[in-house]
Amino acid sequence: MGLKSPAWYRESLRDGRVTYIAGESVPDITKNPWFDVAIANAAEDYVYDDPATKDIRTYTTEDGNLAHRIFKVPTSVEDLEKRIEMSHITGIATGVTAVLMALYNIKDQVAKVNGQYAENIERIYKHCRDNDLRADQVITDAKGDRSRHPKDQDDPDLYLRIVDKNNDGIVVRGAKLHITGASLVHEQTVMPTKAMGPGEEQWSVSFSIPTNTPGIKIINRAYAHPNLSDMDYPVSGRHNAPEGFVIFEDVFVPWDRVFLAGEYQLAGVLAQSLGLWERVGGLIGMVKRARLLVGTAQLLCEMNGIEKASHIQEKISDLVFYAEVLRMSLEHAVRNYKMTDTGMVYPDPMAVNVGKFYGASNWHMMVQKLHDLSGALVLTLPTEADYRNEELTKYLDKYLHTKNNVVVEDRMRMYNLIRDLTADSFGGWELVTTLAAGGGLAAQRIVTMREYDLDGAKDAAREAAGITHTAGKRAARV
Ligand SMILES: Cc1cc2nc3c(=O)[nH]c(=O)nc-3n(C[C@H](O)[C@H](O)[C@H](O)COP(=O)(O)OP(=O)(O)OC[C@H]3O[C@@H](n4cnc5c(N)ncnc54)[C@H](O)[C@@H]3O)c2cc1C
């Protein structure tokens, strides 16, 4: 019980979990170089003795114990602000553990359908919180032919489903794709990918089980190869977490870990419990990256002597507009927070979805501006190893010189930052992730149109047009 340490976290991963990467089975991920950076990042979130971060990383539970703040259900605007501050010092493997906080908050809704499931949610939440465990968000199914319901697919396992039920529990089969940090967490927390209807009981399933449960196999995919140079890969060489293709091959789940097993009317409630928080996380990341784009563009242009050119200033101001709209969306979302019946405070969904949509749909355009002002060195700059080769250093120092107050190595670092962030393996990952993670653009359109006051807007149009009659007096009101 209680807060754990980085050493404890590393040791906890040596539990027989079945994982693969680059075509090979990995018997112990703590000894595999593909996982070095990811595990180091996740372990950092177990550093609780640093006075600079302790207050922001922890909170006191109702039992009087300290726990990681990722488990804190926000009940005030201060809680929301601290959560955002925490996310700046938190790795992704801990970030995804927010799934348990989101689940905990809907337990009363779940209780109306099945009290046992609600008790299970509360117990697993407290078990993870009080033992400082990490969980992931295991939601997206393989989905097969998107135009067909789960029950109409060629293979019924294309959506994870219950294949057996007995007195002790359920047996599930299927696969969940793209799961962030799947091999780095202790609990696989599974939820339906979407709302289900009558006839879809076997696909209406949710539970949480330890990662080393027999039958779970995780195929990892990482954008960052092992042992990347810090200078060549300043972003992906320091931070990464592989995504997992998580296979459930007839996995037994005891009843005390089941949150849903057939009551299809709850599938949508569980699926949606997390959506907003995923997008809040996405928006926080975009605010940070947009500011980084502005700073990177400005600094490189100053190094290259082009910062006063009007077409450059125009591009940089476009980046500033982008960064500021995102920052203001997040700020507005927090200031105009909402509250659930159970007292949980959450950011304004309209501002979050509009911000996430705007950020995702314009990221590619902002990257284009950065590339346009950077030039080809983004791709062709020699590597750190070339620069450290004594035969070559003098040539790079000579021909990468721009002006006396610019150190060539610093200029190289700027180009590496741009390449790594936007044009290499991580950059490509980021282009797709910005769009897909937290649901694609279509998902944000749905929420935005649901939240928007269309009737109010129509009234404004009527007033502007001088339409004064009301419903009933004339033919049906449009
Ligand atoms: C880096 C990364 C990390 C991720 N992490 C996680 C995670 O931790 N946990 C998790 O559960 N998921 C995760 N995801 C998955 C993410 O939530 C999904 O990618 C997203 O929901 C879209 O699903 P999809 O990839 O299956 O694409 P699809 O659903 O195939 O969507 C592709 C396109 O098809 C359209 N489409 C889909 N269905 C229909 C339909 N029926 N009718 C019309 N159009 C349709 C969509 O609108 C979209 O335009 C992650 C994704 C990425 C890229």
Sort the stretch 6-262 into rounded, prolate or oblate with this rule: let a ≥ b ≥ c be the square roots of the eigenvalues of the Cα gyration tensor; rounded if a/c is under 1.5, and if a/c is not under 1.5, prolate when a/b is larger than b/c, oblate otherwise.
oblate
Square roots of five times the C-alpha gyration tensor eigenvalues of the stretch 46-185, ordered largest first and given in whole Å, equal 33, 19, 14
Along Cα→Cβ, 7 Å out, is where each label goes; now give me the distance between the ones at V432 and D55 in nm to one decimal.
4.3 nm
Show me, for the stretch 422-438, the HN-Hα J-couplings you get by feeding each phi into the Karplus relation (A = 6.51, B = -1.76, C = 1.60, θ = phi - 60°), rounded to Hz, glycine and proline as x.
10, 10, 10, 4, 5, x, x, 4, 5, 4, 7, 4, 4, 7, 8, 5, x
Over all alpha-carbon pairs of the chain, lay out the pair-distance distribution in 10 Å bins, whole %, shortest bin first.
4, 17, 26, 25, 16, 8, 3, 1, 0
Rounded to a whole number, what % of the accessible area of the chain do carbon and sulfur atoms account for, probe 1.4 Å?
54 percent
Just to be sure I understand: of the beta bridges DSSP finds with both ends in the chain, what percent are antiparallel, rounded to 5?
80 percent
Please state, rounded to one decimal and in Å, the Kirkwood hydrodynamic radius that the stretch 1-94 gives when every pair of distinct Cα atoms enters the mean of 1/r.
14.9 Å
Can you give me the accessible area per residue for the stretch 270-455, using a 1.4 Å probe, in Å²?
51 Å²
On a C-alpha basis, how far is the centre of the stretch 142-192 from the centre of the stretch 314-354 in Å? Whole number, if you could?
33 Å
Taking H placed 1.01 Å from N in the peptide plane, check which residues at least 5 places from A135 or on another chain put their amide H under 5 Å from its amide H.
T97, H186, E187
222 nm [θ] for the chain, helices only, -39500 (n - 2.57) per DSSP H run of 4+, per residue, to 500?
-14500 deg cm²/dmol
Base-10 log of normalised Debye intensity for the stretch 384-477 (one unit scatterer per alpha-carbon) at q = 0.15, 0.16, 0.21 Å⁻¹:
-0.81, -0.85, -1.06
Once the mean of 1/r over all distinct C-alpha pairs in the stretch 270-455 is inverted, the Kirkwood radius in Å reads 18.4 Å
Taking loop as defined by DSSP and a crowding limit of 13 other beta carbons within 10 Å, which trypsin sites (Lys or Arg not before Pro) in the stretch 106-201 fit?
K112, R146, R148
5 Å-binned pair-distance histogram of the stretch 113-229 (Cα, whole percent):
2, 10, 17, 22, 19, 15, 8, 4, 2, 1, 0
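Report relative contact order for the chain in percent, whole number only (criteria: Cα-Cα under 8 Å, sequence separation at least 6). Please report the intermediate quantities before stating the final value.
Working: 786 pairs, mean separation 70.0, N = 478.
Dividing the mean separation by the residue count of the chain yields 15 percent.
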How high is the relative contact order of the stretch 270-455, in percent, counting Cα pairs under 8 Å that sit 6 or more residues apart?
27 percent
One finds, for L379 and N166 with R0 = 60 angstrom and r their Cβ-Cβ distance, a FRET efficiency to the nearest 0.05 of 0.55
Approximate shape of the stretch 229-323 as ellipsoid semi-axes (Cα gyration tensor, √5λ), whole Å, largest first
46, 19, 8
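Relative contact order of the stretch 86-194: what whole-number percent is it, with Cα pairs under 8 angstrom and at least 6 residues apart?
Computed value for the stretch 86-194: 31 percent relative contact order.
The values are calculated or read from the model by the stated rules, or taken from the named source; none is laboratory data. From a predicted model like this one, the values you see are computed outputs, not experimental measurements. Don't worry about glycine lacking a Cβ; one is built from the backbone with ideal geometry, like all the others, and counts go over all protein chains shown. Heads up: the accessible areas ignore ligands, DNA and RNA and are worked out on the full protein's heavy atoms, side chains in. Shrake-Rupley method; radii C 1.70, N 1.55, O 1.52, S 1.80 Å.
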